[in-house]
1. Count, please, the residues in segment B:110-138 that happen to be in contact with a strand residue (DSSP E or B) (Cβ under 9 Å, 6 or more places away or on another chain) and either farther than 15 Å from A:Arg90 by Cβ or charged (D, E, K, R) (or both).
2. Collect the residues in segment B:2-44 that are among the hydrophobic types (A, V, I, L, M, F, W, C) and assigned to a loop (DSSP other than H, G, I, E, B), keeping them in residue-number order.
3. What pairs come up if the first residue lies in segment B:198-218 and is within 22 Å of B:Val157 (Cβ to Cβ) and among the aliphatic types (A, V, I, L, M), the second is assigned to a loop (DSSP other than H, G, I, E, B) and near DNA strand D (Cβ under 8 Å from one of its atoms), and their beta carbons are under 7 Å apart, counting only those six or more places apart or on different chains?
4. Would you check which residues across segment A:46-64 are within 20 Å of A:Lys147 (Cβ to Cβ) and in contact with a Pro (Cβ under 7 Å, 6 or more places away or on another chain) and list them?
5. Can you tell me which of A:Glu149, A:Glu169 is of a type outside the set (A, V, I, L, M) and either out of contact with any strand residue (DSSP E or B) (no Cβ under 7 Å at 6 or more places or on another chain) or under 21 Å from A:Cys224 (Cβ atoms) (or both)?
6. Looking at (1) more than 21 Å from B:Val130 (Cα to Cα); (2) within 11 Å of DNA strand C (Cβ to nearest atom); (3) within 12 Å of chain A (Cβ to nearest Cβ), find the lone condition where B:Ala185 falls short.
7. Taking helices (runs of 4 or more DSSP H) that fall entirely within segment B:86-177, which contain at least 2 residues that are more than 14 Å from chain A (Cβ to nearest Cβ) and more than 25 Å from A:Gln116 (Cβ to Cβ)?
8. Would you pick out the residues in segment A:182-210 that are open to solvent by 50 Å² or more (accessible area, probe 1.4 Å) and either touching a helix residue (DSSP H, G or I) at 6+ places or on another chain (Cβ under 7 Å) or within 12 Å of DNA strand D (Cβ to nearest atom) (or both)?
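The values are calculated or read from the model by the stated rules, or taken from the named source; none is laboratory data. Note that the coordinates shown come from a computational prediction; the quantities given were computed from them, not determined experimentally. So basically every Cβ, Gly included, is an ideal-geometry build from the backbone, and we count neighbours across all protein chains shown. Just so you know, the surface numbers come from the protein's heavy atoms only, side chains and all, with ligands and any DNA or RNA stripped out. Shrake-Rupley method; radii C 1.70, N 1.55, O 1.52, S 1.80 Å.
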2 protein chains.
Amino acid sequence: MRTILVIEDDLALARGLVDNLRFEGLEASSVSSGEEGLARLRERPFDLLLLDLMLPSMSGFDVLRALSSLPTSPRVIVVSARDAEADVVRALDLGAHDYVKKPFGLSELLARVRAQLRELLGETLADELVFADVRVSLKRFRLWKGKKESLLSHLEVEMLRLFAARPDEPLKRSEIIRQAWGEDAYPSERTVDNFILKLRKKIEDDPARPRHLVTEFGHGYRFCPAG
Amino acid sequence: MRTILVIEDDLALARGLVDNLRFEGLEASSVSSGEEGLARLRERPFDLLLLDLMLPSMSGFDVLRALSSLPTSPRVIVVSARDAEADVVRALDLGAHDYVKKPFGLSELLARVRAQLRELLGETLADELVFADVRVSLKRFRLWKGKKESLLSHLEVEMLRLFAARPDEPLKRSEIIRQAWGEDAYPSERTVDNFILKLRKKIEDDPARPRHLVTEFGHGYRFCPAG
DNA sequence: CGAGACGTGACATCAGGGTGACACTTCCGC
DNA sequence: GCGGAAGTGTCACCCTGATGTCACGTCTCG
């Protein structure tokens, strides 16, 4: 289901928005400050952000600037009473995808929400890999476990890609090497163990007792997204 | 260069739009009916379509419906005097990406054009680029870090433009060369390193420990506006 | 000719990948 | 159960290729 976060300090408005979004079949929630909003966005990805500009302390512009440093940034519709053209231009140039002036017609806003969500369809979902409390951006070579961020090397990404494609299936080292390294590379099979070691340190709660990258004695390794 | 088609039967307005879009560095042209527009779109792809709703014979809604049958459909901003909410909803649900009501502010429309074009892979069109204590005017080839002003060369600007459009994403040297140098130039990939070096001297507090133009070992470079 | 922009090569440095060693675990036949 | 063989966890180290950095050559434009 599509997830939407509303950052709006007018609680009545926020509630109205959330209710209507839910009525549209979307998963919506709201917070009343930019700081809270960013905290929520860091916890887990959202598909769309409805953002007020005039917030206490941290402004909507600040939130826009901060978005790019998130693991996955949502699409953004700014919803603001500020109707000066300069504000619209600034918000859009800071990365907002749309700008709706208050007061707005509800059905128009919902249509704009649909238009933004429509873009998501195939956008980068192939890039994202999510299981348990781990998120991976294969394109950015980055992995987040809870709040901890790790960098991934090219080969680590290839291995994750391979495991994700064949969950719960034991993969032989030889197979892993062929798929991740390619046809023309022949490293020792023990090299795979080293990469498993590195990956476990990044994705397991307790790398010594792996629950996602499990050893299949004599048969290689198996990836269990569920744990 | 980005290509834009304007479908607008008010010739004065169409001409004004085209002029302003060209002034922004875009390749713009206009036609005055939906039929002509579709013919042009069938001839060759456009990146963006500015579409009036009230056209003679074939309406803007009809154009929207016809777009999906094109080999490559452009992004669409509807520009219309019809301000009924129902029209906005209908246009957006028919696939329009944005809807601007006449009369509109020119700078807002241009910002919305930039926002749409930004979604296409490639370079940002905004002139001002701001992050941390750095401000860049891409059109004037100037960069300010705090109070220090630097001049930028053509290629430095192109690289910044490219990085700005894809924040936090590692860009391969080959990709940087293709986008910033163009299709027909083939400098050594190490040339990119030299430009990174120059840019770091201009935008980093400590060029030896870059926080904005970060090396992604084996993958190229990544631009982190947030630092 | 001079200045700046661009491209290349050279050299030092660095990080990832690969290997081998050693300890520990699992399997299997007894 | 027991012991050996084979498989695996883990680490430190080396090597190669990638990168940081600079100097110099070339080109263009005034």
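1. 15
2. Within segment B:2-44, B:Leu26 is the sole residue that qualifies.
3. Within 7 Å, no pair qualifies.
4. Across segment A:46-64, the qualifying residues are A:Phe46, A:Leu49.
5. Residue meeting the stated conditions: A:Glu169.
6. (3)
7. Correct list: B:154-165, B:173-176.
8. A:Ser188, A:Glu189, A:Arg190, A:Asn194, A:Leu197, A:Lys198, A:Lys201, A:Asp206, A:Pro207, A:Ala208, A:Arg209
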